[in-house]
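Data first, discussion second: the structure below is written as structure tokens.
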Amino acid sequence: MKKNKTSQPDFKKIYTDILEKKFPEKKELCDKILNKKNLSELDVIAINNIIFTPVSEDIIKSNQQHRSYSKSTIIKILEFQKEHGLNNTKLALHYKLSRNTVSRWKKLFIV
């Protein structure tokens with residue numbers, strides 16, 4: 001088995017297997033994301049939301065607490081804010097983040 005340089009899980013394989021075995025009806029919805037050469041953290045979050053639609057607010061909050069973002073993803077999120085003219089609150093709601101997290105990112109990565 002070929003190992004990635006960053007030793008991240010092979011999300012394409014993981015999600016393809018999940019779709020084939022458990023959710024074949026959702027495969028078409030996820031094809032566009034899975035056909036990308038490399039999946040970003042945002043792609044993984046998007047495909048996860050498509051496959052496993054959260055049932056309750058508690059599950060959403062619990063899942064959010066365990067997310068981590070790379071520097072490149074944080075910069076993409078901050079660029080999205082700039083492109084769409086969002087304030088920190090609206091960006092936080094869009095990506096289900098804390099306003100404090102957005103504020104901290106802006107201080108660290110001035111875009």
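For the reader, a short list of remarks on this structure follows.
- Linear extension gain, SER68 paired with LYS22, 0.36 nm per residue minus alpha-carbon span: 13.9 nm
- Listed pairs LYS82/LYS106; LYS36/LYS76; LYS13/LYS37; LYS26/LYS96 exceeding 20 Å between Cα atoms: LYS26/LYS96
- Distance between the 7 Å Cα→Cβ label points at LEU34 and ARG99: 4.0 nm.
Each reported figure results from applying straightforward, stated rules to the coordinates on display, with no laboratory input. None of the values given here were measured: they were computed from a predicted structure. Cβ: placed from backbone, ideal geometry, glycine included. Neighbour counts: every protein chain shown.
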